[in-house]
1. If I ask for residues that are in a helix (DSSP H, G or I) and within 22 Å of the chain's Cα centre (by Cα), which ones from region A:1-37 would you list?
2. Under 6 Å between Cβ atoms, which residue pairs at least 6 apart in sequence (or on different chains) link something in region B:82-105 that is more than 23 Å from B:Trp57 (Cα to Cα) with a partner that is buried (at least 20 other Cβ atoms within 10 Å of the Cβ) and at pLDDT below 95?
3. How many residues are part of a helix (DSSP H, G or I) and within 14 Å of chain B (Cβ to nearest Cβ) when one looks only at region A:38-60?
4. Name the residues in region A:61-114 that are at positive phi and either more than 9 Å from chain B (Cβ to nearest Cβ) or in contact (Cβ under 8 Å) with a residue 24 or more places away in the chain (or both), would you?
5. Just need a number here: residues in region A:133-150 that are part of a strand (DSSP E or B) and at the interface with chain B (Cβ under 7 Å from one of its Cβ atoms).
6. Residues that are within 11 Å of another protein chain (Cβ to nearest Cβ): list the helices (runs of 4 or more DSSP H) wholly contained in region B:1-77 that include at least 2 such residues.
7. Just to be sure before I move on: is B:Asp40 of a type in the set (Asp, Glu), modelled with pLDDT of 95 or more and either more than 25 Å from A:Arg109 (Cα to Cα) or not assigned by TED's automatic domain parsing to the domain that holds B:Pro115 (or both) in the structure I sent?
8. When you look at B:Ile84, is it outside any loop (DSSP other than H, G, I, E, B), under 30 Å from B:Arg7 (Cα atoms) and at the interface with chain A (Cβ under 9 Å from one of its Cβ atoms), yes or no?
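The values are calculated or read from the model by the stated rules, or taken from the named source; none is laboratory data. Keep in mind the model is a prediction, meaning the values are calculated, not measured. Cβ coordinates were reconstructed from backbone atoms using ideal geometry, including for glycine residues, and neighbour counts include every protein chain displayed.
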Amino acid sequence: MTLDDLDFALLRSLAANADQSTKQLGQKLGLSQSATWRRIKRLQDAGVIAGRSLVLDAEKVGFGVTVFLGVKLATKGRVSLEDFERAIGAIPEVQTVDHVLGLYDYRLRVVATDLADFERVLRRRIMTMPGVGDVEANVLLSEERRPGPI
Amino acid sequence: MLDDIDRRLLRLLQADAARGVPELADAIGLTPAKVTRRLDRLREDGVLKGSRAIINWAALGYAVSVSLRITLDKTVSRAFDDFIAGARKVPEVIEIQTFLGRVDVRLSLIAKDLPDYQRIYREQVLPLPHIADIEALMTVASVKSDESLPL
């Protein structure tokens, strides 16, 4: 799919704030409401816009701690990766699971109410999972999302 | 403080941020006016900060995604500020996080393919200031990525 400058401007604007109406977006970009709608529809149909995610203040809803975990599997070959992925993804506090190449096998993003709660999740739910070997935890201090190359 | 109805509202919106007030009101069994009032209050309190479109970079031709774990030279007092200011200027950096732990900063970097990654890595990442050590984790597959909170 070839995108023009207006498509990129639309993407930038929606990635920052998806609550804008097609009317507001159109006014910003100098497009009619229907032309704006058609462009958004085309971006959605092409899978470039994969959805819309809610932005919540994690701390204000009670999740004061976010930890990134690097997990190395101890018994590669003996544990089914599918089983591991299904089980780890089913833990509600685990927000993201990435299968990676490098020092670790998986990268997890985990939320908890506080450090004591995180310890509970780590010990009772993650460390007890079959195949989990070396685990490295880094506590998130700040986070910034960038617009990316568009 | 959030009550059970607030949590249900936020859970519904987390699952699908495009849900409108009438649909939310139906699902929860409140009048649309009451739902609107609650959403307004959640916004005013800074709990609900809006929504953003999720861009699928792979669909735009960015097939490579790498997590760069960086340790900085902390003997330099401005190490974090200088490094982050530099990282912001690299267009392919889509996330910057700072940590307490073995890793100081993590960058999410996307690239069109491996030669493109190598070019960005050599020309734009390695020259960033105060890097003491750098490790790369390349994403093979994203198993779970919704980032929803267990409300």
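1. Residues of region A:1-37 that are in a helix (DSSP H, G or I), as a first pass: A:5-16, A:22-29, A:33-37.
Matches in region A:1-37: A:Phe8, A:Leu10, A:Leu11, A:Arg12, A:Ser13, A:Leu14, A:Ala15, A:Ala16.
2. Every condition considered, no pair remains.
3. Let us first name the residues in region A:38-60 that are part of a helix (DSSP H, G or I), namely A:38-45.
Those left that are additionally within 14 Å of chain B (Cβ to nearest Cβ): A:39-45.
Qualifying residue count for the region: 7.
4. Start the filter on region A:61-114 by keeping residues that are at positive phi, which leaves A:62, A:77, A:102.
Listed by number, the residues that qualify are A:Gly62, A:Gly77.
5. To start, the set of residues in region A:133-150 that are part of a strand (DSSP E or B) comprises A:133-145.
Now drop any that are not at the interface with chain B (Cβ under 7 Å from one of its Cβ atoms), which leaves A:136-145.
Count: 10.
6. Working: elements: B:4-15, B:21-28, B:32-44.
Answer list for region B:1-77: B:4-15, B:32-44.
7. Details: of a type in the set (Asp, Glu): yes; modelled with pLDDT of 95 or more: yes; either more than 25 Å from A:Arg109 (Cα to Cα) or not assigned by TED's automatic domain parsing to the domain that holds B:Pro115 (or both): yes.
Yes.
8. On the way: outside any loop (DSSP other than H, G, I, E, B): yes; under 30 Å from B:Arg7 (Cα atoms): no; at the interface with chain A (Cβ under 9 Å from one of its Cβ atoms): yes.
So B:Ile84 does not fit the description; no.
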